Amino acid sequence: MTEVSDKPINKGDVIELEIESLAFGAEGVGHLKTDKGSLAVFVEDTVPGDIVKIRIGTMKRKFARGYIVDFIKKSPLRITPRCKHFGSCGGCALQFIDYATQLKIKEQHVKDAITRLGGFEETIVKPIIGCKEPWYYRNKMEFSFSREFKDGVEGRLTLGLHVRRRHHDVTELSACFLMNDYIGGLVTGVRDFFRKKDEKGRLKEISLLNFTMREGKNSGEVMANLTGENGEPDFLDEFAAYLRDFFAQLNGGEQMRGLKETEQPIITPKLVSVYFTQIINFKGRPKKTMERLLWGREFISESLKTADGTELKFRISPRSFFQPNTRQAEVLYGLAIEAAAPKNTDTVFDLFCGAGTIGCFCARRAGKVYGIELNESAVKNARDNADDNGIKNIEFISGDVGKLLGTIGKKPDTVIVDPPRNGMDPKAVEMIVSYAPDKIVYVSCNPSTLARDLGMLKKTGYRLLSVQPVDMFPQTYHIECVALMEK
Ligand SMILES: C[S@@+](CC[C@H](N)C(=O)[O-])C[C@H]1O[C@@H](n2cnc3c(N)ncnc32)[C@H](O)[C@@H]1O
């Protein structure tokens, strides 16, 4: 803890601070000993071990936020970031510390949430499982269009990732190590393509929103999806042809990255699907989303193989959720199935099931699986996925878990949940508990809401057996967990 004199600290004060830890969200945290006790101070762009001179920007009762004025000593944990965009680009937050340290910090975040917010013992949290390959792991990236601003005047069109903590601005990206080597060249090429059209006035009435790339790391299949608002450019066929040329030139050259340390063959990415998505968004009218296949197939295929040797094929369409890290999805799903350990007479609920991935793996071992998912196109994918894999003992229901859970007449032996970041609503928790399953397997992408929901379940008589952190997102502060509860 940094000692200060016993005079009160005020906004604007410049003080010295030692950074002790990294908070969830990747801000450094130090503590000041004040006349009233200890005050947590958050400082962006710092790592544990840094000693910094900061200016106090925000002053609250329980914490303060400061901005770096100068470094007094840089932490030995600091490394040189691999990417030239690190710092400005919002894609990565932790490239300035090595991967082993990132993992330690993430494991501690899970322990903190589970103990402080859930009221459980720290020992319930198992050692984190890291990625074999902490680069080139993403199978999906969304790049945003924006306009440059110079002297208050709107300028050229730009395309890239959002600037860190400034959601309206975009970094002019020309390299990225999260998905594949070709991404920097592709984003540059797509940006140039639309700039030329824009300069000729051909984008006048249309707003371009984003350009999304998805790739099957195991299949090599690639989908590109351009999204615009309130109109369709009249040169979309030319755009699809541009993308086809780009990928044709990669053939035999650029290869699928992120597979080096596995026994998987290295694959050349091949474009199989190009979409234009139009969002109709006029004031006073309901928002509508329409997809149009410009070229190729409606979906890309991907195969996943869990540690027990089960291999399944999945369809991914533009709007369906698919775990963004293929390699670790195989690990995560393996852990979820291992925790559920279904017998061939068991009924299993797969709630928030997306395209049915966990449910399909489960159905290989269970008696019957029911999946519930809000997104209709994901449910369509889920049904096709079950058919494609010859799985007959699974049923998918389209709608809200909180509303539809009660309509399944059968009592589950195990409930698997994988909700979005905000966790489960108390109604859904209540419904699950009313079925009194023997086991609840909770897959979560947010340690805070996980801890909160596990705490709620504990009050109803469920015992927490384990929490397994799995790193799905190296270089970022995000962390996934699989927790197991039993009656
Ligand atoms: C983290 S994803 C998990 C998907 C799937 N388990 C997987 O691993 O691919 C969460 C899913 O919950 C769905 N979802 C969000 N709110 C929901 C709700 N209230 N009822 C049902 N599904 C919901 C989302 O559409 C998304 O597909």
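Numbers below:
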{"quantity": "Residues of region 324-336 that turn out to be in contact (Cβ under 8 Å) with a residue 60 or more places away in the chain and within 10 Å of the ligand (Cβ to nearest atom), as a count", "calculated": "4"}
{"quantity": "Count of residues meeting criterion [crowded, with 20+ Cβ neighbours inside 10 Å and touching a strand residue (DSSP E or B) at 6+ places or on another chain (Cβ under 7 Å)] in region 297-309", "calculated": "4"}
{"quantity": "Restricting region 52-91 to residues that are part of a strand (DSSP E or B) and among the hydroxyl-bearing types (Ser, Thr, Tyr), the residue that is surrounded by the most Cβ atoms within 10 Å (Cβ to Cβ)", "calculated": "Tyr67"}
{"quantity": "Residues that are modelled with pLDDT under 95, more than 18 Å from the chain's Cα centre (by Cα) and surrounded by 20 or more Cβ atoms within 10 Å (Cβ to Cβ), drawn from region 310-346", "calculated": "Phe314, Arg315"}
{"quantity": "Residue tally, condition crowded, with 20+ Cβ neighbours inside 10 Å, in contact (Cβ under 8 Å) with a residue 60 or more places away in the chain, among the hydrophobic types (A, V, I, L, M, F, W, C) and not in a loop (DSSP other than H, G, I, E, B), over region 127-169", "calculated": "3"}
{"quantity": "Extreme residue, nearest to Thr345 (Cα to Cα), among residues of region 434-467 that are of a type in the set (Val, Ile, Thr) and out of contact with any strand residue (DSSP E or B) (no Cβ under 9 Å at 6 or more places or on another chain)", "calculated": "Thr460"}
{"quantity": "Which numbered condition Leu94 misses (of (1) out of contact with any Cys (no Cβ under 7 Å at 6 or more places or on another chain); (2) assigned to a helix (DSSP H, G or I); (3) surrounded by 21 or more Cβ atoms within 10 Å (Cβ to Cβ))", "calculated": "(2)"}
{"quantity": "Test result for Pro447, in contact with a helix residue (DSSP H, G or I) (Cβ under 8 Å, 6 or more places away or on another chain), within 19 Å of Leu335 (Cα to Cα) and within 16 Å of the ligand (Cβ to nearest atom)", "calculated": "yes"}
{"quantity": "Selected residue (criterion: farthest from Thr357 (Cα to Cα)) from residues of region 413-444 that are in contact with a Ser or Thr (Cβ under 7 Å, 6 or more places away or on another chain) and away from the ligand (no atom under 16 Å from the Cβ)", "calculated": "Val433"}
{"quantity": "Within region 337-412, helices (runs of 4 or more DSSP H) holding 1 or more residues that are more than 10 Å from the ligand (Cβ to nearest atom) and not charged (D, E, K, R)", "calculated": "357-363, 376-388"}
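The values are calculated or read from the model by the stated rules, or taken from the named source; none is laboratory data. Since this is a predicted model, take the numbers as computed values, not measurements. Virtual Cβ from ideal backbone geometry, glycine too; neighbours counted across all protein chains shown.
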